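A short worksheet on the structure shown next.
The values are calculated or read from the model by the stated rules, or taken from the named source; none is laboratory data. What you are looking at is a predicted structure, and each value in this text was computed from that prediction instead of being measured. Note that we place each Cβ from the backbone using ideal geometry, even for glycine, and neighbour counts take in every protein chain shown. Calculation scope for accessible area: heavy atoms of the full protein, side chains included, ligands and nucleic acids excluded. Shrake-Rupley method; radii C 1.70, N 1.55, O 1.52, S 1.80 Å.
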Amino acid sequence: MEMKGVTQFASNGEAEWHALAAGNDIILLPADLPCAVDRIQRALQEGEFTLPQLEQHVKRILRAKYRLGLADLKPVRLQNLEDDLYTPAARAIQSRLIEHSLTLVRNKQYLLPLKELPSLHLAALNIGDTLNNPFQQTLSRYTSLERYAAPKEFSEEAIEMWVDQLRGTDAVIVGLFGLSAYPKNNFGITSTTIDFLHRLAEETRVILVHFGNPYGLRNFDELPWIVQAYQGDAITQTITAEGLMGHHIFQGHLPVTSSPRIRAGQGSYGDNLLRLGFSSPELVGMSPDTLALLDHVIHRMISEKAAPGGQIMVIKDRKVVIDRVFGYQTYDTTGQKVDFNTIYDLASVTKAAATTMAVMKLVDRGTIQLDKPLGLYLSECRDKPVSKVLIRDLLSHTSGMPAWIPFYEKTVRRNRPSKKLYRASALPGYTVPVAEHLYLKDEYRDDIWQSIMRIKPNAPGKYVYSDLGFLLLQRMVEAVTDQALDMFVSQEFYQPLGLTTLSFHPLQWHPREQMAPTELDDYFRMQPVQGYVHDMAAAMLGGVGGHAGLFGTTRDLGILCQMLLNEGVYGGIRFLDPETIRMFTTRCPDCSRRGLGFDMKDKAGHNGHVSDRVSDRAFGHIGFTGTCFWIDPEYDLIYIFLSNRTWPSMTPNRLQEGQYRQEIQSIIYRSFLPYIPS
């Protein structure tokens with residue numbers, strides 16, 4: 001009764017009596033208990049209410065208590081009480097309730113959820129809470145934005161300072177915290193906060209997120225973008241930020257009218273932009289006890305020197321549920337720890353995450369056809385044997401092209417890079433960066449391409465995993481688009497997806513210490529390789545190869561994978577047609593483990609590259625440096641593992657010998673699938 005929705009229209013006792021007469025069994029928090037009891041007794045005495053009617057109410061309460069076992073009362077065990085009550089199932093229900101309640105009160109010109117994030121200059125301001133609370137942390141997972149915090153009281157000088165600070169932004173997301181449920185003191189909203197927000201709204205777009213009693217919205221009639229969140233706990237903050245960024249639609253409607261312009265029932269849905277959300281494994285049905293086994297595997301991996309450190313990401317049901325880092329960039333535990341910004345050389349993951357993506361885009365546009373020969377699109381090879389190989393066969397490694405050529409060997413003299421072919425700094429004619437202070441002669445790069453063109457392929461049909469085939473695909477993409485491969489995939493995919501680390505030539509964008517080193521090279525470059533591609537052929541081509549050269553983090557690669565799992569859509573942008581994705585991720589005829597550009601589970605059962613537990617629909621790729629990604633549409637699951645297992649030497653390959661990537665993947669599947677005896 002303390003909400004006063006009824007008691008404000010009736011005296012103490014009268015309101016409680018009418019609530020009972022209306023059919024309520026239990027009346028909570030009466031304003032005056034003795035007065036309420038007296039009024040109900042008087043109703044019985046005067047015949048307004050009968051004893052059998054009262055007994056019906058009492059019996060319903062007693063039956064409910066009996067069903068709950070209260071007839072045989074046992075003291076509640078207080079140890080672990082919160083865990084017993086707040087079970088994963090309860091947390092999942094709570095999350096769904098919060099998601100369904102969030103209300104998009106006002107959304108001028110359909111600004112929300114925010115689209116085209118890479119092009120927006122955004123800021124997030126918390127009023128009444130600390131900097132980097134869960135709300136701001138979650139927002140920052142989606143895009144780069146300035147973060148601020150301010151108290152609820154603003155002086156005139158503070159208002160001017162904040163308005164000046166924020167006026168250059170495209171929008172400011174204001175979280176209003178520390179509010180009261182009661183009308184006293186205006187629900188905890190100060191007059192200076194109101195004044196500040198209206199002044200700020202004159203200079204830039206203000207997106208107000210109101211974490212409190214919806215009656216408090218009466219103070220913001222003029223603001224064109226308002227989201228009502230009904231409490232300010234961490235879960236609500238996270239889910240609200242996800243809604244602003246388009247992980248889910250807004251489904252709530254205002255339960256009350258707070259002003260003539262903000263009325264009960266108001267609320268719009270917005271769009272589901274199919275961006276990632278964030279949750280915990282147990283809330284998507286994964287067993288924490290099973291996942292705890294990952295710690296043992298990671299410890300063993302490091303102790304056996306299979307990899308010094310790495311990143312693991314698991315996305316289930318479009319939610320990031322595991323996002324962890326472990327170890328160091330090298331085995332020196334006094335050195336650089338791996339963090340979420342550590343950038344890894346993805347090696348052959350490049351084939352799927354760059355070259356195949358580019359080919360898919362060209363198929364989408366109708367620019368190329370998979371069953372046409374290479375020479376139709378690559379004029380420089382038309383008089384060469386490779387001109388007749390089919391694009392489809394290059395993608396499935398059945399074109400007859402050999403696996404690879406160790407081009408670097410002919411450029412090494414007496415265990416040193418040849419002085420005829422390399423220079424210590426970029427000079428005219430020597431501009432191909434191979435490693436730090438090592439530049440290859442430009443003409444030699446051209447010679448490499450010509451030597452690949454002169455290869456005479458074997459008869460098509462037999463599976464031979466070929467780097468050279470993907471170099472030919474790179475050359476074709478560059479000829480058709482008149483762009484370098486790295487520029488094309490960045491323009492078409494990475495930039496509009498907001499991926500800041502997924503790139504070739506990472507040293508152009510990020511500091512060296514952010515890169516995990518790949519090897520102490522003692523056979524070619526004769527130096528530690530860090531920030532330059534490990535693959536020798538890709539290095540000699542200037543760092544961009546159709547088979548290797550891409551760098552990145554699990555967080556960026558996860559977004560690219562989710563776009564594929566979303567059938568080509570992410571952030572409200574369509575990148576690829578669903579049919580194109582299905583074509584490339586379907587096992588090709590007469591192939592045991594290959595789609596087009598993607599690896600798959602081996603139908604013959606020889607799965608040294610992936611867990612046996614993945615579905616037959618799963619697709620992905622592994623990389624020589626100790627990387628992999630796997631997308632499983634059957635279970636709405638993405639698994640990404642990145643490491644620099646090649647440090648300090650690429651041999652022996654303990655990561656593969658120990659099957660660590662596969663063991664981790666198996667644990668992830670065991671955490672939500674029924675036990676299946678081997």
Self-check item: Tabulated pairs, the stretch 193-215, first in a helix (DSSP H, G or I), second of a type in the set (S, T, N, Q) and open to solvent by less than 10 Å² (accessible area, probe 1.4 Å), C-beta under 7 angstrom, 6+ apart or interchain
Solution: 214/228
Quiz prompt | Matching residues, the stretch 283-305, being in a loop (DSSP other than H, G, I, E, B), more than 18 Å from residue 554 (Cβ to Cβ) and not basic (Lys, Arg) | solution = 285, 287, 292, 304
Quiz item: Among the candidates 352, 347, which residue alone is in contact with an Asp or Glu (Cβ under 7 Å, 6 or more places away or on another chain), crowded, with 21+ Cβ neighbours inside 10 Å and in contact (Cβ under 8 Å) with a residue 24 or more places away in the chain?
Solution: 347
Quiz item: Taking the stated definitions as given, is residue 542 at pLDDT 95 or above and surrounded by fewer than 22 Cβ atoms within 10 Å (Cβ to Cβ)?
Solution: yes
Quiz prompt | All positions within the stretch 87-121 that are farther than 16 Å from residue 238 by Cβ, out of contact with any Leu (no Cβ under 9 Å at 6 or more places or on another chain) and not in a helix (DSSP H, G or I) | solution = 87, 107, 111, 116
Exercise. Tell me which residues, restricted to the stretch 349-370, are farther than 24 Å from residue 623 by Cα, among the hydrophobic types (A, V, I, L, M, F, W, C) and part of a helix (DSSP H, G or I).
Key: 362, 363
Exercise. Tell me, yes or no, whether the stretch 474-497 has at least one residue that is polar (S, T, N, Q), in contact with a His (Cβ under 9 Å, 6 or more places away or on another chain) and crowded, with 22+ Cβ neighbours inside 10 Å.
Key: yes
Practice problem: Given the conditions (1) assigned to a loop (DSSP other than H, G, I, E, B); (2) surrounded by 15 or more Cβ atoms within 10 Å (Cβ to Cβ); (3) among the aliphatic types (A, V, I, L, M), report the number of the one that residue 149 does not fulfil. | Solution: (1)
Quiz item: Can you tell me which residues in the stretch 582-599 are open to solvent by less than 10 Å² (accessible area, probe 1.4 Å) and assigned to a helix (DSSP H, G or I)?
Solution: 584
Quiz item: Just to be sure, is residue 602 in contact (Cβ under 8 Å) with a residue 40 or more places away in the chain, open to solvent by 10 Å² or more (accessible area, probe 1.4 Å) and not in a strand (DSSP E or B)?
Solution: no
Quiz item: How many residues does the stretch 156-172 contain that are part of a helix (DSSP H, G or I) and open to solvent by 10 Å² or more (accessible area, probe 1.4 Å)?
Solution: 9
Practice problem: Would you mind telling me which numbered condition in (1) open to solvent by 30 Å² or more (accessible area, probe 1.4 Å); (2) among the aliphatic types (A, V, I, L, M); (3) without any contact (Cβ under 8 Å) to a residue 40 or more places away in the chain residue 179 fails? | Solution: (3)
Quiz item: Is there a residue being among the basic types (Lys, Arg) and surrounded by fewer than 12 Cβ atoms within 10 Å (Cβ to Cβ) anywhere in the stretch 109-127?
Solution: no
Exercise. Test residue 364 against the criterion of being open to solvent by 20 Å² or more (accessible area, probe 1.4 Å), of a type in the set (Asp, Glu) and under 20 Å from the mean Cα position of the chain (by Cα), and give yes or no.
Key: no
Quiz item: Which members of the stretch 371-425 meet the condition of being among the aliphatic types (A, V, I, L, M), surrounded by 12 or more Cβ atoms within 10 Å (Cβ to Cβ) and part of a loop (DSSP other than H, G, I, E, B)?
Solution: 378, 389, 401, 405, 421, 424
Quiz item: Which ones in the stretch 438-460 are in a loop (DSSP other than H, G, I, E, B) and free of Cβ contacts under 8 Å to residues at least 24 places away in the same chain?
Solution: 441
Quiz prompt | Qualifying position, being modelled with pLDDT of 95 or more and crowded, with 23+ Cβ neighbours inside 10 Å, among 660, 635 | solution = 660
Quiz item: Could you count how many residues in the stretch 254-302 are of a type in the set (A, V, I, L, M), within 30 Å of residue 219 (Cα to Cα) and open to solvent by 50 Å² or more (accessible area, probe 1.4 Å)?
Solution: 1
